[in-house]
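*Asks:* Please find one structure pasted underneath; my questions will follow.
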Amino acid sequence: MGLMDILQQYAVRPTDTHQDFEEVAQQVPPDILGSGLAQAFRSDQTPPFGNIVSQLFGNSNPSQRVGLLNELLRSAGPAVLSSIAGGALGKLLHGSNAGGAPAQVTPETAREITPEQASEIAAAAQKSDPGILDRVGSYYAQHPQVVKGLGGALLAVALGHMANRMQR
C-alpha cells in the first residue's frame, strides 16, 4: 500500500495504526511527522500532554530522556521547577549559567526523574509555553520508534493530521 493510500484511510477511518504509523514515519518528511504528533498532543481525543510525556519518557532511552527534559525545561523555567514535586526538581537548576537559564540536564540527573515527574514538568511547560507541544512533536519525529509505543488513538489522530497536511 502506498503512502498516500495509508494516509487517505486516516482521513476516513483508521485501521492498523501501529503498523501504519511505522510505515508512514519512515516515508514522510520530519516536519510533517512532527506536526502530526503536535496536533495529536493538542487533540481532545488523546490524553493530556503530561500523560503523553510520561509515556514517552518511560519508553525513551537515556539519551532521549535527556533531550526531552531539556526541551521541557527551556519552556517551564526555573520558577516552575522549584514548585514541582515539593521543590525536589530544583536540583536540575544547579549549574545555571550567568544568564539564569537552566543548566543542561545530564544523563545522571535524567535517571533520577520519574515518568510522573516528567509529566508534571510537561504540564507546567505547556502552561508556560504552549509551543512546547510543537517542539516535543519535532523532537520525537526524530525518534518515531518511541512514539510507536503510544496508544492507537494518538497514532490515529497523528496520522489523520498528516493525511490532511499532505493533501494540501
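*Asks:* I'd like to check something: does region 35-54 contain any residue that is closer than 27 Å to ARG111 by Cα, touching a residue at least 12 places away in the same chain (Cβ under 8 Å), assigned to a helix (DSSP H, G or I) and touching a Pro at 6+ places or on another chain (Cβ under 6 Å)?
*Replies:* yes
*Asks:* Filter region 121-132 down to residues that are surrounded by fewer than 22 Cβ atoms within 10 Å (Cβ to Cβ) and either assigned to a helix (DSSP H, G or I) or among the aliphatic types (A, V, I, L, M) (or both), then give me how many there are.
*Replies:* 3
*Asks:* Further question on the same structure: Is it true that some residue in region 10-33 is buried (at least 16 other Cβ atoms within 10 Å of the Cβ), part of a helix (DSSP H, G or I), of a type outside the set (A, V, I, L, M, F, W, C) and at pLDDT 95 or above?
*Replies:* Among the residues of region 10-33, not one is buried (at least 16 other Cβ atoms within 10 Å of the Cβ), part of a helix (DSSP H, G or I), of a type outside the set (A, V, I, L, M, F, W, C) and at pLDDT 95 or above, which makes the answer no.
The values are calculated or read from the model by the stated rules, or taken from the named source; none is laboratory data. Please read these numbers as outputs of a predicted model, since none were measured by experiment. Positions of Cβ are backbone-derived with ideal geometry, glycine not excepted, and every protein chain shown enters the neighbour counts.
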